[in-house]
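**Q** This is the structure I have questions about; it appears just below.
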Amino acid sequence: MKIAVLISGRGSNLQALIESSKTIDSSFKVVQVISNNPNALGLEFSKNAGIPYKVIDHLNFKDRESFDTVITKVIESSGAELVCLAGFMRILSSTFIDHWRDRMVNIHPSKLPAFKGLDVHQRVIDSGEKFTGCTVHFVRNEMDTGPIICQSTIPVHKNDDKNTLASRVLKKEHQIYPQAINLLAKGRVTLIEEQVLIDGEIIHPNK
Ligand code: GRF
């Protein structure tokens, strides 16, 4: 399965996807990287791997819809069948989200539906929760919602600050994002009435 990855910054999940796509068990290939940020560090990963990349700077567009239309055009001409958001920091229009419905996934650094939105790790620490997680899900109109494909539970340690917690969560993100994409690429994921089935079974996505 050909995938396009949308980034805005560091790109460590992009790099995890690129690395995983080179392994023998992988059924997906990154064919296009798009960044809205010309200075995104993650662009280096696509350069190094020889993957086509494009900077589409939202500042050059008059509105969200025209920005999203160009992104769709680039993805479609790359032949990608799946769009993977990996730290893409722009809110997408509902036209874009509907166009890519069931063909667009996101990784979020919490155990959804808990802690949607930004500044997740500080909020987790402030809440006193003993566990957090990370989640790969199909994208729907409301932010950080959508059927869950894969989810991990990660402990919060007493002396964690948001950086130590973020790095523990990120390590797990780098495992579950490629795993989830590979399941999709192998055709092992189906969606029935917003419920994800893997190999035809409703499974609890926790690992
Ligand atoms: C990750 O924590 C991801 O869950 C969130 O944004 C961050 C992106 O990190 N959506 P990176 O750019 O992949 O390193």
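Quick note: the coordinates plus some simple rules give every number you see, no bench work behind them. Given the structure is predicted, the values throughout are model-derived calculations rather than measurements. Using ideal geometry, Cβ is built from the backbone for each residue, glycine included, and neighbour counts are taken over all protein chains shown.
**Q** Quick check of the Kirkwood formula: for the chain, what is the inverse mean of 1/r over all pairs of different Cα atoms, in Å?
**A** Working: mean 1/r = 0.0576 Å⁻¹.
One over the average 1/r among Cα pairs gives 17.3 Å for the chain.
**Q** Tell me which GluC sites (Glu not before Pro) from the range 1-68 have a DSSP coil assignment and no more than 13 other beta carbons within 10 Å of their own.
**A** none
**Q** Using the Cα centre as the reference, give the magnitude of the dipole from point charges on the C-beta atoms of the range 31-107 (Lys, Arg: +1; Asp, Glu: -1; all else neutral), rounded to the nearest 20 debye.
**A** Details: 8 positive and 9 negative charges, 25 e Å.
Once rounded to the nearest 20, the dipole reads 120 debye.
**Q** Quick one: which residues, 5 or more positions from Cys150 or on another chain, have an amide H under 5 Å from its amide H? H modelled 1.01 Å from N in the peptide plane, none for Pro or chain starts.
**A** Val136
**Q** Could I have the simple spin-label model distance between Thr72 and Gln195, label points 7 Å from Cα toward Cβ, reported in nm to one decimal?
**A** 3.1 nm
**Q** Please compute the length gained on full extension between Asp126 and Arg101, using 0.36 nm multiplied by the number of residues separating them and subtracting their Cα-Cα distance.
**A** 5.6 nm
**Q** Note the full-extension length gain between His157 and Ala114 as 0.36 nm times their separation in residues minus their Cα-Cα distance, in nm to one decimal.
**A** Roughly 13.7 nm would be gained on extension.
**Q** Run through the DSSP bridge list for the chain and note the antiparallel percent, rounded to the nearest 5.
**A** Rounded to the nearest five, the antiparallel share is 50 percent.
**Q** Also, quick follow-up: Place a point 7 Å from Cα of Glu65 in the direction of its Cβ. Which residues in the range 133-156 have their backbone N less than 15 Å from it?
**A** none
**Q** Let's see if you can work this out: charge +1 on each Lys and Arg Cβ, -1 on each Asp and Glu Cβ, no other charges. What is the dipole magnitude of the chain about its Cα centre, in debye to the nearest 20?
**A** I would put it at about 480 debye.
**Q** Students often forget the sequence filter, so: which aspartates and glutamates lie under 12 Å Cα-Cα from Lys111 once same-chain residues fewer than 8 apart are removed?
**A** Within the straight-line cut-off, Lys111 pairs with Glu129, Asp144, Glu173.
**Q** Tabulate in residue order the Karplus-calculated ³J(HN,Hα) for the range 194-202, using 6.51 cos²θ - 1.76 cosθ + 1.60 with θ = phi - 60°, rounded to whole Hz; enter x for Gly and Pro.
**A** Using θ = phi - 60°, the values come out as 6, 10, 7, 10, 10, 6, x, 10, 6 Hz.
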